[in-house]
Amino acid sequence: MRNFSSDFRRLVRSLMIVTAITLGTSGMVSGQGTPADSTQAAGAAAPAAGGAAVNGDPVAGEALYKANCTSCHAMNKRVLGPALAGVNQKYNDEAYLIKWIKNAPAMVASGDERAVKIYEEYNKAAMTPFPQFSDDDVRNILAYIQVEGDKKPEAAATGGAAAGAESADTGVSNFMIIGLVAVILIAFLVILVLNRVISTLERLLLNKGEAILAEEDEVEEEAKDKFAGLKRMAKNKKLVFFVVLGFVILLASFGTVEMWNTGVHTGYQPVQPIKFSHQLHAGTNQIDCQYCHSGAWKSKNATIPSLNVCMNCHKYVQATEKYDGEISPEIKKIYTALDYNPETQAYGDNPRPIEWVRIHNLPDLAYFNHSQHVKVAGIDCQKCHGPIETMEEVYQYSPLTMKWCINCHKETEVKHEGNAYYDKVIAAHDQIKKGEKVTAAVLGGLECGKCHY
């Protein structure tokens, strides 16, 4: 122990020497870094030159632009309409641009050469007229377009210069030096405290060594006594019997629960290739379920809608206002699968299917017909699928077990009034009551699904 103490003191002296050398080196580096830092700060403070005069109020124009223009236009990229950066310099005719924005279809109808050329270039997609804008409103929008279009290249250049300046900064800040000194002082104090603790432990071990050994012997005896108690308990046959019985009951309970829930996938929520939101479509936009899942009304399967159904809306709805003029990434996946070019609005020759992951999957031994429940019985989709209109991502709401189906059949009242299907069933029952002949054909024996399943 005394050898360890002397080694520890030598280590303390070495650390003190290293501390002094480190502080001196840090001061030299800090002194050398000061001129470079001041030069860099002076360079960063230089104002950017340039900037064209802007007519109108770009701040007011920004609100008008984002509320009315972003669904069809972006600054530096063609969407449904042309890119708007540089439009003031391209046409250099404020009166013409004001007239165009207020009523573009009228200019095309009048035969204006430039208007007709733009109309033909963009697949004869007419621009929405804005007669509610005043001349000052249009000037404000054009001012915002000019400022925003000029700002992006400068921002990129400024970002590059800032990155270069940051990479060139190799000096040591005062904060780093103060932090280093504080860490060294704290380490020095910790070393002193540890040295004092070691000295105290040496005295305790020398003065009370025998007492510690005696306590260790007592602990070993107590441990032996504990094991002896366990051995006595193991010899008690009644206790052993009840412990084993409880263990068997516990295992049987866990096994029963696991076997009962085998094949039950309540809450199953796989990741789909497209993040389709039922909350947005069925909830916020209140689109009827059967607009997409038309098979639920007329066939056994609800069917997965084709991408052509999606394109009924998303050929025009692109959510560009939420992505800074860019098309939504999820809508882009639809375009990619269809090999569709949103700029030319043309389809390619390499379409690919979307590989959706099935969620509600009954075993082959179970026959379920959507039309029998939706059309004949008039059951709502939420009865089985839960609050689908609130689900951001769909999950399996019901257990879909045989017990669950049987309980539903026991509790659900059949509404046969005015239902042609049940009229035939009730008529057959009336024939039976009267003693008349009832053939299999009367009970639906000629339906294809009775044999061709």
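Read-outs: derived from the displayed coordinates by stated rules, not from any lab. Keep in mind the model is a prediction, meaning the values are calculated, not measured. Here Cβ is always computed from backbone atoms with ideal geometry, including for glycine, and neighbour counts include all displayed protein chains.
Structure notes:
- Loop-located chymotrypsin sites (Phe, Trp or Tyr not before Pro) in the range 297-327 whose Cβ has at most 16 other Cβ within 10 Å (DSSP): TYR316, TYR323
- Percent of Cα-Cα distances greater than 11 Å, calculated over the range 265-305: 72 percent
- For TYR340, nonlocal amide neighbours, meaning residues 5 or more places apart or on other chains whose placed amide H falls under 5 Å from its own, are GLY348.
- Separation between Cα centres of the range 382-453 and the range 238-268, rounded to whole Å: 37 Å
- Across LYS375/LYS433; LYS90/LYS117; LYS102/LYS322, pairs whose alpha-carbon gap is larger than 20 Å: LYS375/LYS433; LYS102/LYS322
- Exposure proxy shown here: for ASP324, ASP137, ASP112, the number of other Cβ atoms within 10 Å sets the order, fewest to most, as ASP324, ASP112, ASP137.
- Count Lys and Arg as plus one, Asp and Glu as minus one, and take only other residues whose Cβ is under 12 Å from that of ASP135; the net charge is then 0.
- Set LYS300/LYS410; LYS66/LYS383; LYS275/LYS410 screened for pairs whose C-alpha atoms are more than 32 Å apart: LYS66/LYS383; LYS275/LYS410
- For the range 278-415: rounded, prolate or oblate by the Cα gyration tensor [a/c cutoff 1.5]: prolate
- For LYS208, a cut-off of 27 angstrom between C-alpha atoms picks up these lysines, skipping any fewer than 8 places away in its own chain: LYS224.
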